[in-house]
Every structure is written in C-alpha cells, then in structure tokens.
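S.K.: Pasting a structure below so you can have a look.
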Amino acid sequence: MNWSFRTRISFLLIALVLIPSIVLGTLGYWTSSDVIRKETIRSVGMVANNKKELLVFRLHRQKERAVEFLDSIVSTCMQAGTVNQLCAQRLLASFMETDSILDADIIFPGVISLHRGPHADTLRNHPPFISQQLAQFSSHSANKLTYIVEAKGHTQGSLISLRYNIQKIEEIFTAPLELGATGETFLVDAQGFFLTKSRFPSHQGHSHPIDARPMIACLSHHDSEMLAGDYRPEPVIHGFRFVPEIGGGCIMAHIQQKEAFLPLKNLRSKIFLSALAFAILAVSLSFWIADRFAAQFTRPLTKLVERMKAAQAGDLDSPVFMGGPKEIALLGRGFSDLASQLKQSIELRDDFVAIVSHDLKNPLALLSLNASLMEKNLGQLGDEAKLSLMPKIESMRRHLARMNEMVCSVLDLTAIRSGNFKLLREPFNVNALIAEIMDTFRPLMAEKGIVFKDEVTTHEIVASLDRGRTLQVLSNLLGNALKFTPSGGEVTLQVVEKEKEIQFLVRDSGPGIPPEELERIFERFHRLKRERDFSSGLGLYIAKEFVRAHGGKIWVESEVGMGSRFYFTLPL
Ligand code: ADP
C-alpha cells in the first residue's frame, strides 16, 4: 500500500504501544478477575464461618450464664448444706425473666430440685448431650422450635437445663446480611431441616429444595464453598460450615453468583473505559509524534523534490537548502553537486553547438550560392545534362535550406537558453507582413495542392513588435501546416485586431493532434511519434519563447482527424 512516511510511523507507534498494552491488559484482567472470583467465593464461606463463630459464642455464653446462676444459688441461698427453697425460686424467676428462658430445671442432688416453666417437667427427658455439644434443638410444642442448653455447676452433681426460644439465636442469621440482596444464611439440623427462618419465605420448608450437593457435603462434616444451583434459576455461590456444637447440623450461606460478581463486572467496565481512553491518547500521541518525526524527513525531502522539478524545468542555479537528518542533508548535497555538474555539461554542450552552428553558417551560405550559380549556368549545358543535373541541384538546394533552417533554430535555442536573446521592436505594417508571408507560401501550398486562404482585416494594423521574430513564428506555423496538411486540404491564415492585441490563427485540415499532446507540443525537443515526421521539436518551442518575450500567448486547439488551430497573440 502506498502509505506516507508519517502514516507508516503512526501505525508503527500505535502497534508498538497498543499491542503490548492490550496483551498485558488482557492478561492482567484475566489474572485479577480469577483472583477476585476465587476470593468472592471464599468470602461466602467466610460468612458461614462468622455465623458459626457467633452461634458458638452465644451458646457458650448461655452455658456460662447457667453455671454462674448455679453458683449464685450456692452463694446466696445455701446455708449449712441446705438451699433455701424460696430464695432459689426467687433467683430462678428473675434469671428466667432477664434471660428470656422458657423452661428451667435445676438439681442439686440430695439438696434441692427446682423446675419452672410450662414444659419444665420434660427437660430431663431429652436425649443425652454428646461431646462438644452445647445445645440441643427440639420442636417442643407445635411449630415452636426451641433449644436446650445444659450445664454442670461447680457444686458437686449440680445440673441445670434451660430451654430457649429459637429466636434467641435466629437473629444471628436473619440480621442484616453482608451477603447482599440475593444472599442469606440459615441453620439446619443434622437431617437438613431448617432450624432458622429462610429469608425467602416462599421457599421455606422442612427440606432443602433444589441442588442438595452443598448440604450433603456439609452434613458429611465438610466445611467448604462451591458453585451450585439453587431454587433460583441462576447459579449460586454456597458457603457451609458443619456445627458439631448443636449435635450435628450446618450453617449454610449463599448468594447469587450474578450479584456476588457484580464488582467484577464494574471492574470490567472501568478497565474497558480506561483502555479506551488510553487507546485514544496513544493514537493521538502516536500521530503527533509521527507528525513531528516525519516532518524532519519529509520537509527537506519535499523541498528537494521541488528543486528537482525546477531543475527538470531548466532551473539548475537555485541552491538546495538541506536541513534535517544527516542522510537527507547528504542527499541534498549530492543533488546540488549533480545539478552543478549537469549545468556545466549543458553549458559546454550549448557552447559547442553554438560554435559548430555558427561555423556551419558560412559554408552553408557558400554551398547555397554555388547551387544557385550552378542552376543559373545550367542553360549553357546540353539538354541531356540539364535534365539529369536539374533535379539533383534542386534536391541539394532543398536540403541546404533545411540545414540552414536547423542551424538557425539551434542558434535561436542557444540564444534563448543563454539569455542572450533580445527583441528588436520597431513599428511596422502587419498587413504588409501578412502579404509577404502569403506570397512566400502560396506557391508552396499550390505545389502541394492545398487551398491557401487569408482572413485579414482590411484596415491597416501598425504594431511595434520584432518584425523578424513575428515572421519567424508565422513561418514556423505555416511551415508545419504545409508539412502536415495532405494534398486537397486547406490552410487559412487569420489575423484579428483586438482591443489591446493582435490575434493570429493558422488553421489547417491536417491529421490533428491528440489531446494529451496539446500542452507538451510546445516543449523543447518534443515531437509526436508519427510516421515520416522528421521534426526536431524545436520550432514550436522557439515560437513560444518569441511570443512570450513579446508578452503574448500561444496555444493550440485540435482534434485528431479534424485539423489543428494554432493561435498566438501579440500585445499592440
Ligand atoms: P519542428 O521545428 O521540427 O517542425 P515543431 O516544434 O514545429 O517541430 O513541431 C513539433 C511537433 O508538433 C511535430 O513533431 C509535429 O508532429 C507536431 N505538429 C506541429 N504542427 C502540427 C500541425 N499543424 N498538425 C499536426 N501536427 C503538428
């Protein structure tokens, strides 16, 4: 692709900055999102863990309170090995009230046995506590879930059993959650039945409804976290902890994956926006840097190209200013040297051509003179010799005239190129000039069978121009018309006086000129590639220079097959 230097550098810089950034950014995002994902899942397990610690702490505290209470009975109501019944009952009533205890049963073996509460008599019938167990759950009366805490006192054999409403620990699980809108924690017993309320009442029941894997894992004494389904259609993160302190059971915590991973989604959009901002910045900076960098190369190169074009057009004198990097400065210097060498050789060539052309003029004139003398003396020869020599002398004269024309063209060219060419302006009668040139060309046109006409204004035009050069331009145009118009064709010379100028037109019915050649035809040595066209390509160039020197214009209108119209104007 033909991209500019600046564009190439811009894209290179963009690629250099953006590709590593995209790769590193993507890797960074993958790694961090993986860590965040794992940490989020782990945090759900940590919530279950916290709940377990809170539950165990509360049960421990209740057990300690029970022991403290037994001790307070001993210290307050015991005298001489017996316990004052009234005193103990009063203490128990106040303890049950302050600690919201439903039923209580106290026994100091052989000393006193107390129970209080509507179902206190059933307290001694509960199954025995196993090791580590702090509480035992029982749905004592219909829909009323309670739990029993049991403790041994410091006095030998003393035992206290207390029954609490489930609400006492339920708040641990139903309190405002750190698990968000879709999360919850709850407690289940060793069979997986709900002990505390679910946050989503429609799904509350006595068994866990959907994916049982987390529950099964937990009830098999595993503490962990995992991704699984739930009663909501979306994937859910589960954290669970086995609780031996309630005689077997589990604390379950879960949250919808979508909500749990929301920070990750936010992070993704933040990363995307930052990446976009970074990309815009990188692209703009790349273009800016490329612009500045490329300017160091392109500016001097553009100047060099301009100089080359000027040199092509003939200006080999203007100096080449070369700033920029060393290599480009070297290139400029190289071009300068080349231009001055070229100028020297052109000067040498022009000098040589001028000398040779000048020196050719005299022998040519001599040869022409001799040819004329020979033609004159032909009459003294016999008819046979006359007939045989006549065409040869004529051909000689034609070729000599052509040679003379060429030498004159070369001399004109040298004069124009060296700047030595000057106009000799003097007032003259344009009508007379036209008549003269018509007289010159009429026999030649007639000889070729071309109809030659003039369209010249009847009133007299007097102009202050270089008469010789004007004649030369007209001769060149008419000479070309004569050369290229076929026999039976038509050539017209028109002269129109306009407001401030005279316009000359040479119209022919020749082969015409292709459109792409119309401008170039006036260039030095430019010739059309045509059969039997032996032009030097100098005539129109010299004509253009003469017209230009007068301050006029020259141009051509033509169509292939429709003839040509050469115009030139000269200011009056
Ligand atoms: P020269 O001085 O050798 O005659 P010119 O500069 O006058 O050359 O002409 C340049 C080219 O223009 C020639 O090669 C010729 O083909 C073309 N040309 C000039 N005049 C005409 C014309 N009237 N019709 C067609 N072609 C022309």
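S.K.: Taking the options 520, 469, 524, name whichever one is within 30 Å of residue 422 (Cβ to Cβ), charged (D, E, K, R), within 10 Å of the ligand (Cβ to nearest atom) and touching a His at 6+ places or on another chain (Cβ under 8 Å).
M.R.: The unique qualifying residue is 520.
S.K.: Another question, then. Against the conditions (1) on the phi < 0 side of the Ramachandran plot; (2) away from the ligand (no atom under 15 Å from the Cβ), where does residue 488 fall short? Just the number, please.
M.R.: Going through (1) on the phi < 0 side of the Ramachandran plot; (2) away from the ligand (no atom under 15 Å from the Cβ) one by one, residue 488 breaks only (1).
S.K.: Out of the residues in the stretch 382-433 that are open to solvent by 50 Å² or more (accessible area, probe 1.4 Å) and in a strand (DSSP E or B), which is nearest to residue 545 (Cα to Cα)?
M.R.: Here the residue is 425.
S.K.: Hey, among the residues in the stretch 303-328 that are modelled with pLDDT of 85 or more, of a type outside the set (D, E, K, R) and surrounded by fewer than 17 Cβ atoms within 10 Å (Cβ to Cβ), which one's nearest to residue 18 (Cα to Cα)?
M.R.: 305
S.K.: Yes or no: residue 338 without any contact (Cβ under 8 Å) to a residue 40 or more places away in the chain and either in contact with a Leu (Cβ under 8 Å, 6 or more places away or on another chain) or among the β-branched types (Val, Ile, Thr) (or both)?
M.R.: No.
S.K.: Can you list residue pairs whose Cβ atoms sit under 6 Å apart, with the first residue in the stretch 516-532 being modelled with pLDDT under 90 and the second being open to solvent by 80 Å² or more (accessible area, probe 1.4 Å)? Count only pairs 6 or more apart in sequence or on different chains.
M.R.: Filtered contacts from the stretch 516-532: 526/520.
S.K.: Can you spot a residue in the stretch 256-277 that is among the β-branched types (Val, Ile, Thr) and closer than 25 Å to residue 166 by Cα?
M.R.: Looking through the stretch 256-277, none of the residues is among the β-branched types (Val, Ile, Thr) and closer than 25 Å to residue 166 by Cα.
S.K.: Would you say residue 505 is in contact (Cβ under 8 Å) with a residue 12 or more places away in the chain, within 11 Å of the ligand (Cβ to nearest atom) and open to solvent by less than 50 Å² (accessible area, probe 1.4 Å)?
M.R.: Here the answer is no, as residue 505 does not meet what is asked.
S.K.: I would also like to ask the following. Could you identify the single residue in 572, 538 that is under 23 Å from residue 422 (Cβ atoms) and either within 8 Å of the ligand (Cβ to nearest atom) or of a type in the set (Phe, Trp, Tyr) (or both)?
M.R.: The conditions single out 538.
S.K.: Right, here's the next one. Tally time: how many residues in the stretch 541-569 are within 11 Å of the ligand (Cβ to nearest atom), of a type in the set (A, V, I, L, M, F, W, C) and open to solvent by less than 80 Å² (accessible area, probe 1.4 Å)?
M.R.: The qualifying residues number 4.
S.K.: Next up: Looking at the stretch 524-572, which of its residues are of a type in the set (Gly, Ala, Ser) and within 13 Å of residue 511 (Cα to Cα)?
M.R.: 558, 561, 563, 564, listed by residue number.
S.K.: Something else now. Taking the stretch 527-553 only, how many residues are touching a His at 6+ places or on another chain (Cβ under 7 Å) and part of a helix (DSSP H, G or I)?
M.R.: 0
S.K.: Now, a different point. Just to be sure, is residue 483 at pLDDT 90 or above, open to solvent by 30 Å² or more (accessible area, probe 1.4 Å), near the ligand (Cβ under 9 Å from one of its atoms) and charged (D, E, K, R)?
M.R.: Judged against the criteria, residue 483 is a match.
S.K.: Any idea which of 340, 357, 336 is surrounded by 16 or more Cβ atoms within 10 Å (Cβ to Cβ) and within 23 Å of residue 308 (Cα to Cα)?
M.R.: Of 340, 357, 336, the one residue that is surrounded by 16 or more Cβ atoms within 10 Å (Cβ to Cβ) and within 23 Å of residue 308 (Cα to Cα) is 336.
S.K.: Could you list, in sequence order, all residues of the stretch 250-302 that are within 30 Å of residue 224 (Cα to Cα), among the aliphatic types (A, V, I, L, M) and buried (at least 17 other Cβ atoms within 10 Å of the Cβ)?
M.R.: 251, 252, 253, 255, 260
S.K.: Name every residue in the stretch 88-147 that is open to solvent by 10 Å² or more (accessible area, probe 1.4 Å), part of a strand (DSSP E or B) and in contact with a Phe, Trp or Tyr (Cβ under 8 Å, 6 or more places away or on another chain), in order of residue number.
M.R.: Those that are open to solvent by 10 Å² or more (accessible area, probe 1.4 Å), part of a strand (DSSP E or B) and in contact with a Phe, Trp or Tyr (Cβ under 8 Å, 6 or more places away or on another chain): 101, 102, 136, 137, 138, 145.
S.K.: Can you list residue pairs whose Cβ atoms sit under 7 Å apart, with the first residue in the stretch 301-330 being among the β-branched types (Val, Ile, Thr) and the second being in a helix (DSSP H, G or I)? Count only pairs 6 or more apart in sequence or on different chains.
M.R.: 320/304; 320/307; 320/332; 320/335; 320/336; 328/297; 328/300; 328/301
S.K.: What's the total number of residues in the stretch 183-205 that are modelled with pLDDT of 85 or more, open to solvent by 10 Å² or more (accessible area, probe 1.4 Å) and part of a loop (DSSP other than H, G, I, E, B)?
M.R.: Of the residues in the stretch 183-205, 4 are modelled with pLDDT of 85 or more, open to solvent by 10 Å² or more (accessible area, probe 1.4 Å) and part of a loop (DSSP other than H, G, I, E, B).
The values are calculated or read from the model by the stated rules, or taken from the named source; none is laboratory data. Note that this is a predicted model, so its numbers are computed, not measured. Quick reminder, even Gly has a Cβ in these numbers, built from the backbone with ideal geometry, and neighbours come from all protein chains shown. All accessible areas refer to the heavy atoms of the entire protein, side chains included, with ligands and DNA or RNA removed. Shrake-Rupley method; radii C 1.70, N 1.55, O 1.52, S 1.80 Å.
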